[in-house]
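Single-structure report; data block below.
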Amino acid sequence: MQIERLSDALGAEVTGIDLTSIDVTTFEDIRAAFLEYQLLVFRDQHLSPDAHIAFSERFGPIETRPDRPFTLPGYPEVSVLSNRVVDGEPVGVISAGDFWHTDLSFSEIPCRATFLHALEVAEEGGDTEWSNIYMAYDTLSDDMKERITDLKGIHVFDRRRNRRAQVDQQFVEKADKVYGIPISDAVHPVVRHHPETGRKSLYISPRFVVGIEGMDDQEAQPLLDALFEHQIRPEFRYCHKWKKGDLLMWDNPCLIHIGRGEIKPPGIRHMHRTMVLGDRPH
Ligand SMILES: O=C(O)CCC(=O)C(=O)O
């Protein structure tokens, strides 16, 4: 197994490995690399849904939500992200992640690691970009660190309650069905400690955080705007151009990400995703 850093900010490419057959030592090497680089890119993988689930499950329990739109038939653990349309109907979520976010932060127990596997990629478009929120925290001024140290962000799933997001084009007609499901808001520390490294990250995102607990919006919104802008400074980021067979896994407590979309027709991008749950943010 070879590991090569992908950018100064985050990410490493792992080659010489078949994720369907890894022994305990290799698994421990992967875990260590995951903590060091936050995002791992495994090229040339051919994972069936069962193999994708089996690899993900080694990192924790997989999140399943039976009412999530576009799970793979027979596999509630696997979501389909795709721009393919069959008989006028999309077969997957077309623009999962079109705003900067960290996965499932609107839940009491958010996502630890996401595993996204590219089965088909388009020639142009469909990149995904990550930003390192450890670095975002570390580079705040001492005054700002002090100001936000005990604050809690209000994380909301329903896009209609977020002035910074728009209802996903694909779901405009079905917004009630998609966003109106009973998911309660979650309140998490703005400064989160990573469950394994203990490092602090700036755990907010414009897609899910709509306010700060106990703080007037007049004060909270400009503060959030400044923090959101800081979170995505170019030097914290890595943008991935997908190849067919890529399996990417990323560490949500210390990264935010965005799907860049803009797939040039007739390109098809078709992916399978699993998400493993983590700890209660503290
Ligand atoms: O499809 C992408 O590029 C990003 C997907 C995403 O943001 C997600 O699955 O949370």
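Here, each number is a calculation from the coordinates, and none is a lab measurement. No experiment lies behind these values; they were computed from the predicted model shown. Reconstructed Cβ throughout: ideal geometry from the backbone, glycine too, with neighbour counts over all protein chains shown.
Things worth noting here:
- Taken about its Cα centre, the chain carries a charge dipole of roughly 360 debye when the Cβ of each Lys and Arg holds +1 and the Cβ of each Asp and Glu holds -1.
- Charging the Cβ of each Asp and Glu at -1 and of each Lys and Arg at +1, and nothing else, the dipole of region 1-126 about its Cα centre rounds to 220 debye.
- Computed 3J(HN,Hα) for region 159-176, one whole-Hz value per residue from the Karplus formula 6.51 cos²θ - 1.76 cosθ + 1.60 where θ = phi - 60°, is 4, 5, 9, 10, 5, 8, 10, 10, 5, 3, 3, 5, 10, 4, 5, 10, 4, 4, glycine and proline marked x.
- Here the label points at ASP67 and GLU196, each 7 Å from Cα along the C-beta direction, are separated by 3.3 nm in the simple model.
- Of all lysines in the structure, those lying under 19 Å Cα to Cα from LYS244, and not within fewer than 8 positions of it along the same chain, are LYS264.
- Helical content of the chain, expressed as a calculated mean residue ellipticity at 222 nm, amounts to -5500 deg cm²/dmol (DSSP H runs of 4 or more residues, -39,500 (n - 2.57) each, divided by residue number, nearest 500).
- Most mobile of SER141, SER48, SER56 in a GNM of the chain (Cα contacts under 10 Å): SER141
- Dipole of the chain, positive end: most advanced residue of GLN169, ILE62, LEU202 [Cβ charges, Cα centre]: GLN169
- Förster-model FRET efficiency, 30 Å R0, ALA226 and ARG280, C-beta, rounded to 0.05: 0.65
- Gain upon complete extension [GLU89, THR15; 0.36 nm per residue less C-alpha separation]: 23.0 nm
- Fully extended contour minus Cα-Cα distance, from HIS46 to ASP216, at 0.36 nm per residue: 56.2 nm
- The residue among HIS193, PHE157, VAL178 whose Cα reaches farthest toward the positive pole of the charge dipole of region 130-209, with charges on the beta-carbon of Lys, Arg, Asp and Glu, is VAL178.
- Each Lys and Arg adds +1 at its Cβ and each Asp and Glu adds -1 at its Cβ; summed about the Cα centre, region 102-238 shows a dipole of about 280 debye.
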